[in-house]
1. When only residues in segment 201-220 that are touching a Lys or Arg at 6+ places or on another chain (Cβ under 9 Å) and surrounded by fewer than 20 Cβ atoms within 10 Å (Cβ to Cβ) count, which is nearest to His254 (Cα to Cα)?
2. For Ala459, all conditions in the list (1) crowded, with 18+ Cβ neighbours inside 10 Å; (2) at pLDDT below 80 hold save one; what is the number of the exception?
3. Residue check, Arg363 against (1) open to solvent by 30 Å² or more (accessible area, probe 1.4 Å); (2) within 27 Å of Leu480 (Cα to Cα), all met but one. Which one?
4. Looking only at segment 296-318, count how many residues are part of a strand (DSSP E or B) and open to solvent by 10 Å² or more (accessible area, probe 1.4 Å).
5. Name the residue, out of Thr176, Thr136, that is touching a residue at least 24 places away in the same chain (Cβ under 8 Å), more than 30 Å from Thr467 (Cβ to Cβ), open to solvent by less than 10 Å² (accessible area, probe 1.4 Å) and part of a helix (DSSP H, G or I).
6. Output the residues belonging to segment 120-133 that are open to solvent by 20 Å² or more (accessible area, probe 1.4 Å) and more than 46 Å from the chain's Cα centre (by Cα).
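The values are calculated or read from the model by the stated rules, or taken from the named source; none is laboratory data. Keep in mind it's a predicted model, so treat the numbers as computed, not measured. Note that each Cβ is placed from the backbone with ideal geometry, even for glycine, and that neighbours are counted across all protein chains shown. These area figures cover heavy atoms from the full protein model, side chains too; ligands, DNA and RNA do not enter into them. Shrake-Rupley method; radii C 1.70, N 1.55, O 1.52, S 1.80 Å.
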Amino acid sequence: RPAARLRGAGRALDATPAGDHAAPPGYAAPADTAARDRVSAATVNRSGYLRCRATRVGEDTTLAQIVRMVSDAAATKAPIARIADKVSGVFVPAVIGIALIVTIGWLIAGAAFSAALARGISVLVISCPCALGLATPVAIMVGNGLGAKNGILFKTGEALETAGRVQIVALDKTGTITSGEPRVTDVLPTEGLSERELLASALALEQKSEHPLARAIEREAAERGLTAEDAENFAALPGNGLEATLCLSGARLHGGSGAYIRTLTRVPDDLAAAEARLADQGKTPLFFEKNGRLLGLIAVADTIKPDSHEGIRQLKRLGMRVVMLTGDNERTAAAIGREAEVDQVVAGILPDGKEAVIRALQRCGRVAMVGDGINDAPALTRADLGVAIGAGTDVAIDSAGVVLMNSALTDVAAAIRLGRKTLLNIRENLFWAFFYNLICIPLAAGLFGWQMNPMIGAAAMSLSSFTVCLNALRLNLFRLHRADRDRPPRKRVDETPFEEAIGKFQQKERDRNMKKTVKIEGMMCGHCSATVKKALEALDFVESAEVSHETGEAVLTLSGAWEEAAVKKAVEEKEYAYLGVE
């Protein structure tokens, strides 16, 4: 059946659709849905019918969570608000003291009691601590509301203020910069074959596999409307590839790495060169062969999201230092980093490593971490500002101070613009509140020879609060997605300390990765330790080994890539039990 054509603003329902098109969360444009897709409350079905199951009700719905986030953010105080609180705490008793001094001073100067009292009352009436008190919360409330309208949810007022002070942005790669799903990027058939023929043969082999790269080939074939012949005798060869037999023709198919396919047939120079070029670009080249004849090469990669390039460019125009964090190997990460145009790439790191990178970067300036997965949660919590992609996991969203409902990287730049504009608005409010009191209190005290009517003072006081609120409401006119007026901050992160911080972390990670502790069972004496030590140091990638029969451990210092299978084999050949690596 065609899918449902829908519009909506959140995710609250599972749909079994029979119409066509449902919008992703936060979008109004129609989009397709399929069975088990989620649709939002208040979704509009454009055609056909929908059968839905409510998965969130009441306070659990996305809309209720958005309302709660905005409400909580408006109720919290930003750090800059504490300045106004401190001033207000001194301001009130100071004004009372000034009013008493003015009244007594005029009495001593010979003024009538009513005139002296009127000036004292005017000082009390015209002074406006409420303007100071309103300066920050009104701006925070308007800023939060504007962000929510644009799909940017600030959980606290502090998060909104911190967004305006951020200097470094760390981006997780998978699911943030890239789509998180491998896709076919290049199809290179050998001479005499078409792309469709190569893809059809690859599909016949890969449709039996559960590997993510197989899903990418299936998706590409489906988009091109291809079908494949059934295959039998399918086998997955770990570390090499796949093999199967076509049911109708009986032809034998093989697919996998270049090294594996070279054991079956010759790879021409042009495809060998293409293999190296694609690998340098961070792509995975897959070769396919049928009955001894090479069919061609298909490259698969995790592609960059369409908006990521623009989002990163906007961040750099705002003066941000942009760092990409990933667990990928350095070669793949460097290729993605070059394409995305980030300032620095930190590759091969674990979740705790991401948190350590954030700590290293915080020595250079305020850091925002943008991520979407469970493994990003420690880094999101550690960063000065955690930003979660709305399509990410609940753990990431709970760990962050900002949630991007539209899952667009350009919204990170928009959040920083809004934070800066809100900070500027707060400073303007505080300036006018202080300026008003600085001018009006001496005027009410009669220092300029004018006796103010207390009623005029009351009107002036109301006007000051009105001015502050009106200035805060100007934020609603701000277009936070406009990038043509972006300016870098006055204080930017110095390039040298920034690069040194990244370099020190990477060196520390390399040093840590150069050490491996292996658990071994069966060593009884010093001779056993010496035997194992000699066997391990004979391995090409082991520089030295410290072996102890007392602890049952071997601490290896590596000089090359770690190969656990080789270590296990070396230990077991000496008739000891390999228990694993710490």
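1. Result: Ser209.
2. Checking Ala459 against (1) crowded, with 18+ Cβ neighbours inside 10 Å; (2) at pLDDT below 80, the one that fails is (1).
3. It fails just one condition, (2).
4. So in segment 296-318, the residues part of a strand (DSSP E or B) come out as 296-304.
Now narrow it down to the ones that are open to solvent by 10 Å² or more (accessible area, probe 1.4 Å): 301-304.
Total meeting the criteria: 4.
5. Being touching a residue at least 24 places away in the same chain (Cβ under 8 Å), more than 30 Å from Thr467 (Cβ to Cβ), open to solvent by less than 10 Å² (accessible area, probe 1.4 Å) and part of a helix (DSSP H, G or I) holds for just one of Thr176, Thr136, which is Thr176.
6. Initially, segment 120-133 is screened for residues open to solvent by 20 Å² or more (accessible area, probe 1.4 Å), giving 121, 124-125, 129-130, 133.
Across segment 120-133, the qualifying residues are Ile121, Leu124, Val125.
The rows are residues; the columns are (1) out of contact with any Asp or Glu (no Cβ under 7 Å at 6 or more places or on another chain); (2) over 30 Å from Ala163 (Cα atoms); (3) not hydrophobic (A, V, I, L, M, F, W, C).
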site: Arg277; (1), (2), (3): yes, yes, yes
site: Thr284; (1), (2), (3): yes, yes, yes
site: Lys290; (1), (2), (3): yes, yes, yes
site: Gly296; (1), (2), (3): yes, yes, yes
site: Val300; (1), (2), (3): yes, yes, no
site: Asp307; (1), (2), (3): yes, no, yes
site: Met324; (1), (2), (3): yes, no, no
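One line per residue, one yes/no per condition, for (1) free of Cβ contacts under 8 Å to residues at least 12 places away in the same chain; (2) closer than 22 Å to Ser308 by Cβ; (3) under 12 Å from the mean Cα position of the chain (by Cα):
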{"position": "Gln344", "(1), (2), (3)": "no, yes, no"}
{"position": "Arg359", "(1), (2), (3)": "no, no, no"}
{"position": "Val370", "(1), (2), (3)": "no, yes, yes"}
{"position": "Leu385", "(1), (2), (3)": "no, yes, yes"}
